[in-house]
Amino acid sequence: MAPNTEMESPMLLIANSGEGRLSLCQKAVEVLKSIDQPLVVVAIVGKYRTGKSFLLNKLAGKQKGFPLGGTVQSATKGIWLWCRPHPRMTDHCLVLLDTEGLGDVEKGDENNDDKLFALAILLSSMLVYNSKGTIDQQALQDIDYMTQLTNIIRTKSETENSVGEGFMEYFPGFVWVVRDFTLELKIGKKNVTADEYLENALKLKPGSDEKAKEFNFLKRCIRYYFRSRNCFVFDCPGNKHVLQNIETAKETELEPDFVQACNKFCDFIYTKAEEKTVPNCGNKKVTGEMFAHLVTMYVDIIGSGKLVVLDKVVENLAEAENEKAVNEAKKHYEVNMNQMVDLPTETAAKLNNIHEKCHKDAFDIFLKRVLGSSEKYKDRLEDDIKKIFEDYSKRNEEKSKEKCKDLLKELFKKIDTKITSKSYAKAGGYIEYLKDRNDAVKNYHSNSQKGVKATEILKEFLAQRMTESEYIRQMDPGFTEQQRRMEAEKEKQAQLELQKAASDQQFQMMKEMMESMSRSSEENMDKMMKILREDDIKKAFQDYSKRNEEKSKEECKDLLKELFEEIDTKITSNSYAKAGGYIEYLKDRKDAVESYCSNSQKGVKATEILKEFLDQRMSELEYIQQMDQGLTEQQRRMEAEKEKQAQLELQKAASDQQLQMIKGMMESMARSSEENMNKLMKIFREESEAAREEMKRLEKVRSEEMARMKSESGSSCIIQ
């Protein structure tokens, strides 16, 4: 992996033709496929000639890499890839994506920028938007690509008129980098951080009319699409000469504040940018091969002008990964068995023990790779392993049979020679034959390489030579007819004893195999439950929670609209436009809010919706203050401060409520997991007990059959 994560220079990942056609570069895809480490993917987007490539080179720890260019033309076309070892996270790969500059006048497809912007978002775990100057209304208009995302992306296939629902679950963190920033970081007279500067720029305009909605739409996209928001501001790096030669400029030639900002930015990305994960699949970390699959799907879909449906993309990825998980685990099992098993094994238990270890290792590999709901793939893997194990057991028996037959043939060679030369055809010949045979059988038993069919093959072998034994008894003139009958009975009884021993051995083999497979299942049960049940339970619960939240939002909005209807009527009729009007308005609003809070049917989003609702009506509050001639300027400032404090308290309450909801959800899922685990373990124990009872029944039937045979045969004589 190390060589693959140490690309010396970037390579083209997604080509972009002059007409806006996107195509995948297979060489880069193959590089990605060879990386089995988790990826942290940082993509940078923004207008062309704003210094995007310079920032990525800094993140790569190199002065040169992505082409910087020094003219008014865009130097980067398509999306370029650079894989580097992550500076802070061991065994992780930092993937840097440099996106073609947006707004290039030379492009032939007006939707091309929207597609590239969407790709950068979908592929990254941290998106960096790079701009120049300040974050003002013009800067917000320049990032209008954000408002076009719903024309390219949906979270679910059944959503017809999406406004970005669920995007946050799939989208990366968002970082706005402002280059050549010359202003002071102040709001009013207060010094602020870059993050606070961004939040102020994204503050929603009060009001619910169409103009306010249009003004707020882009801001809402940034606020509600991304899981986090941060901002960095950079001074100009130097004069025109420095800018034109920045690729070769030494750090000492750059402005110190610019260098400091670069270092702070890089440190933030290294520590805060998360691994790329797969939503709704236990947030499984994305490796190079998975990322290559995602890139291929996204380019195919977006390039063909179709809508990207994220749950379908995840489903497709999960199917592909789960197929690979089954095949990889199966191959691992086969390879390990081939390396560890030397047929025939001395006992069935030895083969079972090897199987258990290989099964466990294979299952661990399966669980490491599997995504989402995987029960059918787990069943397939179990069936495949079972077939391979049964084939090994069968081959083990066949190999044992071959070895035993060859060994008996070799050990009885002396006896066969004597029979051919009629050496036993004399008085005492049968006793000599018995001695030779018992010696051969003793030597057979002492050989430890016979395998699991030793007793069965011995029984079959001696049964086939029964006529030979009878012949030698007849050829011995020292034997009376009664002695011959007695010896024949002993021979028969010996065969029955061997048959019983072979039956016992076969039964023990079957029992040990079942117990071995049961042990394997029991050892993996904990892991199975998490992979088979928890994702489905979690997804269903999350869907239900989401619907519950949406329903709560609707109920709250309808309730507030109803409760503030009288206030809206008074505002329209200018009833508050008088001395004391503001106090009357506050009383009416307080009554409405108290009625809202006393309603028990609002649901889990009550505080959040109230905060948003009152936030949107801030302009109306200021308007009524101004209309009340009885208020002094100082009183107006005091009232504005009170309102601001009230909003902060509401915001804290909404955050606390959200935190409590998340905590409650996690505790509920933990309880559900434990309950489901207990149920499944109970089922497993019941099935295991049923299997044990069936084994007892078979053993009883076999014992009864052997007792019947023994009673029919009379006294016993065991061949030694």
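The values are calculated or read from the model by the stated rules, or taken from the named source; none is laboratory data. Owing to the predicted nature of the structure, the values given are computational and were not obtained by experimental measurement. All Cβ positions, glycine included, derive from the backbone under ideal geometry; neighbour counts span all protein chains shown. With ligands, DNA and RNA removed, areas are computed over all heavy atoms of the protein, side chains included. Shrake-Rupley method; radii C 1.70, N 1.55, O 1.52, S 1.80 Å.
Taken over the stretch 346-403, the criterion of being hydroxyl-bearing (Ser, Thr, Tyr), open to solvent by 30 Å² or more (accessible area, probe 1.4 Å) and either assigned to a helix (DSSP H, G or I) or over 21 Å from Val314 (Cα atoms) (or both) is satisfied by Thr347 alone.
Of all residues in the stretch 280-299, those satisfying the criterion of being surrounded by fewer than 19 Cβ atoms within 10 Å (Cβ to Cβ), of a type outside the set (Val, Ile, Thr) and touching a residue at least 40 places away in the same chain (Cβ under 8 Å) are Gly282, Lys285, Glu289. Please work out if Asn338 is surrounded by fewer than 18 Cβ atoms within 10 Å (Cβ to Cβ) and either more than 30 Å from Leu59 (Cα to Cα) or out of contact with any helix residue (DSSP H, G or I) (no Cβ under 7 Å at 6 or more places or on another chain) (or both). For Asn338, the condition - surrounded by fewer than 18 Cβ atoms within 10 Å (Cβ to Cβ) and either more than 30 Å from Leu59 (Cα to Cα) or out of contact with any helix residue (DSSP H, G or I) (no Cβ under 7 Å at 6 or more places or on another chain) (or both) - is met. For a quick check of your reading of the model, give me the residue pairs whose first member lies in the stretch 547-573 and is open to solvent by 100 Å² or more (accessible area, probe 1.4 Å), whose second is aromatic (Phe, Trp, Tyr) and in a helix (DSSP H, G or I), with beta-carbon atoms closer than 8 Å and at least 6 apart or on different chains. Within 8 Å, the pairs are Lys557/Phe613. Is one or more of the residues making up the stretch 255-270 more than 33 Å from the chain's Cα centre (by Cα), acidic (Asp, Glu) and within 24 Å of Ile135 (Cα to Cα)? Scanning the stretch 255-270, I find at least one residue that is more than 33 Å from the chain's Cα centre (by Cα), acidic (Asp, Glu) and within 24 Å of Ile135 (Cα to Cα), so the answer is yes. Of all residues in the stretch 134-152, those that are at negative phi have Cβ atoms under 8 Å from Cβ atoms of residues that are part of a helix (DSSP H, G or I) and open to solvent by 60 Å² or more (accessible area, probe 1.4 Å), 6 or more apart or on another chain, in Thr147/Phe217.
Could you tell me whether any residue of the stretch 576-588 is closer than 25 Å to Asp209 by Cβ, modelled with pLDDT of 85 or more and acidic (Asp, Glu)? Checked the stretch 576-588: at least one residue is closer than 25 Å to Asp209 by Cβ, modelled with pLDDT of 85 or more and acidic (Asp, Glu).
For (1) touching a Gly at 6+ places or on another chain (Cβ under 8 Å); (2) free of Cβ contacts under 8 Å to residues at least 60 places away in the same chain, each residue gets a yes or a no:
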position: Asp113; (1), (2): yes, yes
position: Leu127; (1), (2): yes, no
position: Phe167; (1), (2): no, yes
position: Val178; (1), (2): yes, yes
position: Lys203; (1), (2): no, yes
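Scan the stretch 582-608 for residues that are part of a loop (DSSP other than H, G, I, E, B), open to solvent by 50 Å² or more (accessible area, probe 1.4 Å) and small (Gly, Ala, Ser) and the total you get is 1. Checking the stretch 95-111 against the condition returns no match, with no residue being open to solvent by 20 Å² or more (accessible area, probe 1.4 Å), modelled with pLDDT under 90 and within 15 Å of Leu13 (Cα to Cα).
When the residues of the stretch 238-264 are filtered to those that are part of a helix (DSSP H, G or I) and touching a helix residue (DSSP H, G or I) at 6+ places or on another chain (Cβ under 7 Å), the one that is modelled with the lowest pLDDT is Val242. Cβ-Cβ distances below 7 Å connect the following pairs, each with a first residue in the stretch 616-639 that is surrounded by 15 or more Cβ atoms within 10 Å (Cβ to Cβ), a second residue that is among the charged types (D, E, K, R) and assigned to a helix (DSSP H, G or I), and a separation of six or more residues or different chains: Leu621/Glu643; Gln625/Arg636; Gln625/Glu639. For the stretch 301-322, check the following and say yes or no: at least one residue is under 20 Å from the mean Cα position of the chain (by Cα), modelled with pLDDT of 95 or more and not polar (S, T, N, Q). For the stretch 301-322, residues under 20 Å from the mean Cα position of the chain (by Cα), modelled with pLDDT of 95 or more and not polar (S, T, N, Q): absent. Screening Glu456 with (1) modelled with pLDDT under 80; (2) farther than 22 Å from Ile419 by Cα gives one miss only, at (1).
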